[in-house]
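The values are calculated or read from the model by the stated rules, or taken from the named source; none is laboratory data. Model, not experiment: these values are computed from the prediction. A quick note on method: Cβ atoms are made from the backbone with ideal geometry, for glycine too, and the neighbour counts reach across all protein chains shown. To get the accessible areas, we keep the full protein, side chains included, count just its heavy atoms, and leave off ligands, DNA and RNA. Shrake-Rupley method; radii C 1.70, N 1.55, O 1.52, S 1.80 Å.
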Amino acid sequence: MHWYEKLNQYFPVEEMKSKEHMETLLKERSEIYHKDEGQHHVLMYAELDQFVFIDYLFVSKASRGQGLGHKLITKLKEKGKPIILEVEPIDYEDSDSEKRLHFYKREGFEHAQSIGYRRRSLATNEINAMEILYWSPSNESEEVIYEGMKQTYELIHTYRDKHFYGASYQPVEEVLTYEKDHDNEDLLGKL
């Protein structure tokens with residue numbers, strides 16, 4: 001099965017980039033956007049000077065629980081930079097959402113409680129709220145993580161969006177918010 005089909009079957013439509021968008025990122029942004037693919041996994045990520053952003057991480061059901069996800073995360077941690085990713089809030093009707101959060105908690109990720117992320121999906125026209133998780137080798141502040149997310153949004157998520165989707169995503173300041181004293185519930189703390 002093609003790597004894009006694996007991702008497309010696993011991730012919700014409102015989170016998926018088009019195949020053309022991702023292939024263009026791999027070609028035109030090859031200095032920062034990467035694919036690590038194997039028989040049982042697909043990892044799409046952006047590596048910038050200050051951080052790594054996990055765009056998609058898929059491990060096949062057949063190989064879950066065998067340490068493959070841990071190996072992939074460890075490989076990224078060895079770069080010595082903060083790792084940032086977006087994850088949907090727990091959906092109790094989707095057992096994978098809670099398992100995913102448990103996995104990232106075991107890997108030492110934290111919930112960026114001061115960062116809000118709400119983007120209108122061009123596929124469904126509905127607001128898609130995501131939570132930001134991060135791992136940091138040197139205790140970077142959530143403000144640093146927020147700046148990394150803004151960069152990711154502008155360099156990766158909205159790259160040539162009008163060309164690929166016929167419309168543009170909202171500007172970054174409408175999608176991402178940072179409230180230093182905001183006291184959102186810790187998504188990982190309640191697991």
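A few notes on this one:
- Residues being out of contact with any strand residue (DSSP E or B) (no Cβ under 8 Å at 6 or more places or on another chain), part of a loop (DSSP other than H, G, I, E, B) and within 13 Å of residue 187 (Cβ to Cβ) - total across segment 99-140: 1
- Taking segment 65-74 as the range and being in contact (Cβ under 8 Å) with a residue 24 or more places away in the chain and open to solvent by 40 Å² or more (accessible area, probe 1.4 Å) as the test, the residues that pass are 68, 70.
- All conditions in (1) open to solvent by 50 Å² or more (accessible area, probe 1.4 Å); (2) not in a loop (DSSP other than H, G, I, E, B) hold for residue 146, with the sole exception of (1).
- All of (1) touching a Phe, Trp or Tyr at 6+ places or on another chain (Cβ under 9 Å); (2) surrounded by fewer than 18 Cβ atoms within 10 Å (Cβ to Cβ); (3) hydroxyl-bearing (Ser, Thr, Tyr) hold for residue 138 with one exception: (1).
- At least 2 residues being in contact with a strand residue (DSSP E or B) (Cβ under 9 Å, 6 or more places away or on another chain) and of a type in the set (Lys, Arg) is the threshold, and among the helices (runs of 4 or more DSSP H) wholly inside segment 1-95 those reaching it are 68-77.
- Complete set of residues in segment 39-63 that are out of contact with any helix residue (DSSP H, G or I) (no Cβ under 8 Å at 6 or more places or on another chain) and surrounded by 14 or more Cβ atoms within 10 Å (Cβ to Cβ): 47, 63
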